[in-house]
Amino acid sequence: MLLLFPVVAAHAFVAVALVAALTMVLIRDAAYVVRLKILSLGKLSWRGSFNAVMLWEFASALTPTVIGGSAFAVLILKREGLSLGRSVATVLVTALMDELFYVLAVPTVLLFVSLDSFFPHNTSNLWFESGVQTLFIGGYILTCIVSIIVISALFISPRGTGKIIGLIFKLPFLNKWSYKIEDWTEDWALASDNLKGRSFQFWAGAFGSTLLSWTARFLTLNAILIAFMESIPHAEIVAKQLAMWIVMLLSPTPGSSGIAEVAFPTFIGPALTPAISMAALGGVVLIWRTLTYFIYLIIGSILVPGWLANTSRT
């Protein structure tokens with residue numbers, strides 16, 4: 001009986017770790033639902049907010065990561081009953097808050113680890129063999145620039161920002177996209193009008209739920225690893241996820257399919273081995289992708305038929 005105790009304890013520990021990982025997923029999605037409820041000024045019901053979040057994630061899982069699900073989010077919110085202006089404003093503010101989380105997360109994690117901790121030492125398994133650090137730093141700078149542009153467009157001067165962006169897009173290598181500027185400017189102006197007069201509580205609640213959601217997103221992997229390792233370099237794992245996120249954003253495949261599975265052993269693997277075997281590492285990848293990707297394909301495919309039948313086309 002005593003000999004069985006360590007085995008039973010080990011299985012119980014694994015179960016607790018996996019429950020913790022699932023809890024992170026639930027916190028992530030619940031915080032997203034709360035954020036949408038706040039940003040819609042209560043116009044979305046709790047059920048409507050849940051549907052919008054799940055379908056937004058479903059759209060993201062079906063589209064190349066470089067495009068994302070935001071292109072469909074306005075349509076989803078409109079079918080849930082929001083006006084065009086409020087739908088556009090909600091999507092733009094959501095994107096801005098996601099960008100701001102990343103802008104803040106990188107220097108915060110740098111307080112606990114060195115910059116080298118973000119990057120893999122061997123990139124031969126990736127589709128490019130060098131420049132990960134350059135890509136990460138360039139991506140971070142671009143995220144900061146985009147955040148500044150969106151803040152200017154939504155809260156300072158939509159028209160003025162559009163004119164400045166229009167001048168930039170007259171450059172030869174950007175000129176072919178210049179036709180989009182007018183549509184962007186109209187969206188910014190529409191969103192800006194819908195965001196005027198929002199209270200401190202509104203912004204604090206929306207950004208607080210953003211912080212909670214994204215923190216839970218990244219800690220999901222840490223919780224999974226507790227089932228496989230006795231000691232985990234938590235800050236380093238988060239740092240490597242932040243760097244890997246930039247690489248995954250450039251993926252041409254739906255939901256970074258294939259890219260994430262290849263990048264994971266390159267970025268995360270060295271921080272885990274030899275503490276766990278390659279077979280166990282494969283198990284970590286499978287659980288991680290199930291909780292952060294495949295689960296939304298399943299939920300979305302279940303929700304879509306009934307949602308289309310029960311929501312308005314207008």
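State all residues of segment 242-254 that are open to solvent by less than 10 Å² (accessible area, probe 1.4 Å) and either among the basic types (Lys, Arg) or assigned to a loop (DSSP other than H, G, I, E, B) (or both); if no residue qualifies, say none. If the condition is that a residue be open to solvent by less than 10 Å² (accessible area, probe 1.4 Å) and either among the basic types (Lys, Arg) or assigned to a loop (DSSP other than H, G, I, E, B) (or both), then SER251 is the only one that fits.
Report yes if some residue within segment 220-241 is part of a helix (DSSP H, G or I), in contact with a Pro (Cβ under 8 Å, 6 or more places away or on another chain) and touching a residue at least 24 places away in the same chain (Cβ under 8 Å); otherwise report no.
Scanning segment 220-241, I find at least one residue that is part of a helix (DSSP H, G or I), in contact with a Pro (Cβ under 8 Å, 6 or more places away or on another chain) and touching a residue at least 24 places away in the same chain (Cβ under 8 Å), so the answer is yes.
Looking only at segment 31-47, which residues are free of Cβ contacts under 8 Å to residues at least 40 places away in the same chain and not basic (Lys, Arg)? Within segment 31-47, VAL33, GLY42, LEU44, SER45, TRP46 meet the criteria.
Candidates LEU154, LEU190: the one that is open to solvent by 50 Å² or more (accessible area, probe 1.4 Å) and more than 28 Å from ALA243 (Cβ to Cβ) is LEU190. Where helices (runs of 4 or more DSSP H) fall wholly inside segment 260-314, the ranges with 2 or more residues that are within 18 Å of the chain's Cα centre (by Cα) and under 30 Å from VAL74 (Cα atoms) are 278-289, 295-310.
Taking segment 176-202 as the range and being in a helix (DSSP H, G or I) and either hydroxyl-bearing (Ser, Thr, Tyr) or modelled with pLDDT of 95 or more (or both) as the test, the residues that pass are SER178, TYR179, THR185, SER192.
Residue check: is ILE276 hydrophobic (A, V, I, L, M, F, W, C) and open to solvent by 20 Å² or more (accessible area, probe 1.4 Å)? It is false that ILE276 is hydrophobic (A, V, I, L, M, F, W, C) and open to solvent by 20 Å² or more (accessible area, probe 1.4 Å).
Yes/no per residue for (1) buried (at least 20 other Cβ atoms within 10 Å of the Cβ); (2) modelled with pLDDT of 80 or more:
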| residue | (1), (2) |
| --- | --- |
| PRO233 | no, yes |
| LYS240 | yes, yes |
| ALA271 | no, no |
| TYR296 | yes, yes |
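The values are calculated or read from the model by the stated rules, or taken from the named source; none is laboratory data. Remember, predicted model here, so these are calculated numbers, not experimental data. When we count neighbours, we look across all protein chains shown, and the Cβ atoms used for this are built from the backbone with ideal geometry, even at glycine. All accessible areas refer to the heavy atoms of the entire protein, side chains included, with ligands and DNA or RNA removed. Shrake-Rupley method; radii C 1.70, N 1.55, O 1.52, S 1.80 Å.
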